[in-house]
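Worksheet for the structure shown next.
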Amino acid sequence: MQRIIVTGGCGFIGSNFIRHMLTQHPGLSIVNIDALTYAGNLENLRDVESNANYEFQKGSICDREFIERVISEKPTDAVINFAAESHVDRSILDSGPFVQTNIVGTQVLLDVCRSAKVPRYLQVSTDEVYGSLGAEGFFTEETPLAPNSPYSSSKAAADLLVRGYVHTFGFPGLITRCSNNYGPYQFPEKLIPLFISNLLRGESVPVYGKGDNVRDWIHVLDHCRGIEATLLRGKVGEVYNFGGRTELQNIELTRMLIKLLGKTDESIRYVTDRPGHDLRYAIDCAKAEEELGWQPQVGFEAGLQETIDWYVANQDWVERIRSGAYRSYYEQQYGERLA
Ligand code: NAD
Ligand code: TDX
């Protein structure tokens, strides 16, 4: 592959993916398309912005003319779609942007890729499309879709569009579905970075309900390696699940964070539960292991400690988000104010 387009590359996973790919594939050109919503932070890729193989284009995946222009500038070997509204709590407050970006934006990408004959399209999806598990069992790629939040419903709709394009048009689409990611550059509204940054500031941490919901945690670089493997070796039309085989109740994870940061359980504040809160996610990733030769490499304890160390070393990154100062970096670079 010579040129790929990554959408949503200024977010958490996209920025880690771009950095990983530039390091692993020195001849590869990467164009990053990002609308710079509240979750998009141009500072996440400061260290690669002078790399001759990296280019940033500000714009929305919902803007057909813009997407057509970027895709047709040079031959494109693959489009990898990370761009999304990604926070479940925000989707409960207002599902509008989720329907626009996650569904309509995906449709625009599919249409433009199809007419430009882009040879490979990878949709980055989530385990949340499968709904919720009870105490037993795992999600496999055959588990029926049963999303429970406006966020996961919009992601499931996008997955079904990809499926429809594959079946109807022979479109070269692939889908990945991953469990909860953690690691550097995660926006501090999600559990792990929110709790680390609150604890570092001596603030309490809001645990929803009883804290007995279970998530399956995977280091973001293991997810990035899974997307890379799917891009290089995945079969068109297939879905691949990725997970970290690390199931934890939220309260167990909260206590681990509290201990690692030298605080006490007095930091815990139980708050009203998230409406429709999925009880448990757990991924069976045997297919990715067998067919792609992928395996998670980062052990949870080491990965969590390394993540805490990153947030401790980068407290100004969090502070610039909390104060809104991170939005001015785009203006500094491009001379145009972000809305
Ligand atoms: P994020 O919210 O950190 O980043 C999303 C990025 O998309 C931001 O840079 C934002 O500016 C950009 N974006 C939003 N709307 C856009 C639009 N209309 N056009 C162009 N760019 C737009 O999200 P993330 O956690 O990095 O997740 C990336 C993808 O991975 C999402 O599709 C998400 O559903 C999926 N996913 C996330 C997780 C997780 O644990 N975070 C797990 C599985 C799958
Ligand atoms: O303040 C909090 N308190 C709390 O108890 C927050 C933000 C979360 N929680 C709970 C809700 C969940 O059970 O912690 C768990 C994790 O919450 P989030 O970090 O919001 O992640 P989740 O809702 O599980 O979704 C994430 O994983 C799948 C990502 O945000 C999605 O984009 C991804 O698809």
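Dividing the Cα convex hull volume of the stretch 204-339 by residue count, how many Å³ per residue is that?
189
Treat the stretch 3-334 as a sphere of radius equal to its Kirkwood radius over Cα pairs and apply Stokes-Einstein at 4 °C in a medium of 1.567 mPa s; give the translational diffusion coefficient in µm²/s, rounded to a whole number. Spell out each step's value before the answer.
Values: Rh = 20.2 Å.
This corresponds to a translational diffusion coefficient of 64 µm²/s.
Give, in nm to one decimal, the length gained when the segment between Glu319 and Glu336 is fully stretched (0.36 nm per residue of separation minus the Cα-Cα distance).
This chain segment gains 3.9 nm when fully extended.
Tell me which lysines have Cα within less than 20 Å of Lys155's Cα, excluding those fewer than 8 residues away on the same chain?
Lys190
Per residue, how many Å² of accessible area does the chain show with a 1.4 Å probe?
Spelled out: the 1.4 Å probe surface of the chain, per residue, equals 42 Å².
Send over the per residue convex hull volume for the stretch 266-328, Cα only, as a whole number of Å³.
229
Within the stretch 188-274, which trypsin sites (Lys or Arg not before Pro) sit in a loop by DSSP and count at most 15 neighbouring Cβ atoms inside 10 Å? Don't skip to the answer; put the middle values down first.
Numbers: sites: Lys190, Arg201, Lys210, Arg215, Arg225, Arg233, Lys235, Arg245, Arg255, Lys259, Lys263, Arg269; in loops: Lys190, Arg201, Lys210, Lys235, Arg245, Lys263.
Here the trypsin sites (Lys or Arg not before Pro) that fit, given the DSSP loop and packing criteria, are Arg201, Lys210, Lys235.
From largest accessible area down, sort Phe66, Phe138; use a 1.4 Å probe on the protein chains.
Heavy-atom accessible area, descending, gives Phe138, Phe66.
Using R₀ = 35 Å, calculate the FRET efficiency as 1/(1 + (r/R₀)^6) where r is the Cβ-Cβ separation of Arg233 and Ala135; round to 0.05.
My answer for the efficiency is 0.55.
Evaluate the charge dipole of the chain about its Cα centre and quote only its size in Debye, nearest 20, assuming +1 on the Cβ of each Lys and Arg and -1 on the Cβ of each Asp and Glu.
Charge dipole of the chain: 440 debye, to the nearest 20.
Bin width 10 Å, origin at 0, all Cα-Cα pairs of the stretch 49-92: what percent of pairs per bin?
19, 45, 26, 10, 0
Would you calculate the separation in nanometres between label points at Ser50 and Arg114, each defined as 7 Å from the Cα along the Cα-to-beta-carbon direction?
The modelled label-to-label distance comes out at 4.4 nm.
Using 1/(1 + (r/R0)^6) with R0 = 51 angstrom and r between the beta carbons of His167 and Lys259, what's the FRET efficiency to the nearest 0.05?
Details: r = 50 Å, r/R0 = 0.97.
After rounding to 0.05, the efficiency reads 0.55.
Leu28 versus Gln297, label points 7 Å from Cα toward the beta carbon: distance in nm?
It works out to 1.4 nm between the two label points.
If the cut-off is a Cα-Cα distance under 18 Å, which lysines reach Lys58, setting aside same-chain residues fewer than 8 apart in sequence?
Lys58 reaches Lys74.
So how far apart, in nm, are the two label points at Glu252 and Val271 if each is 7 Å from Cα heading toward Cβ?
Label at Glu252, label at Val271, 2.4 nm between them.
If I build a Gaussian network model for the chain, linking alpha-carbon pairs within less than 10 angstrom, which residue out of Asn314, Asn181, Asn250 has the largest mean-square fluctuation?
Comparing Asn314, Asn181, Asn250 in the GNM, the peak value goes to Asn314.
What value, in deg cm²/dmol to 500, does the helix sum -39500 (n - 2.57) over DSSP H runs of n ≥ 4 give at 222 nm once divided by the residues of the chain? Present the calculation step by step, with values, prior to reporting the outcome.
Details: 12 runs with 131 residues, N = 339.
Value at 222 nm, helices only: -11500 deg cm²/dmol.
The values are calculated or read from the model by the stated rules, or taken from the named source; none is laboratory data. Everything numeric here is computed off the predicted structure, so don't read it as measured data. Neighbour counts are summed over all protein chains in view; Cβ atoms, including those assigned to glycine, are modelled from backbone coordinates with ideal geometry. The accessibility values were calculated without ligands, DNA or RNA, using every heavy atom of the protein model including side chains. Shrake-Rupley method; radii C 1.70, N 1.55, O 1.52, S 1.80 Å.
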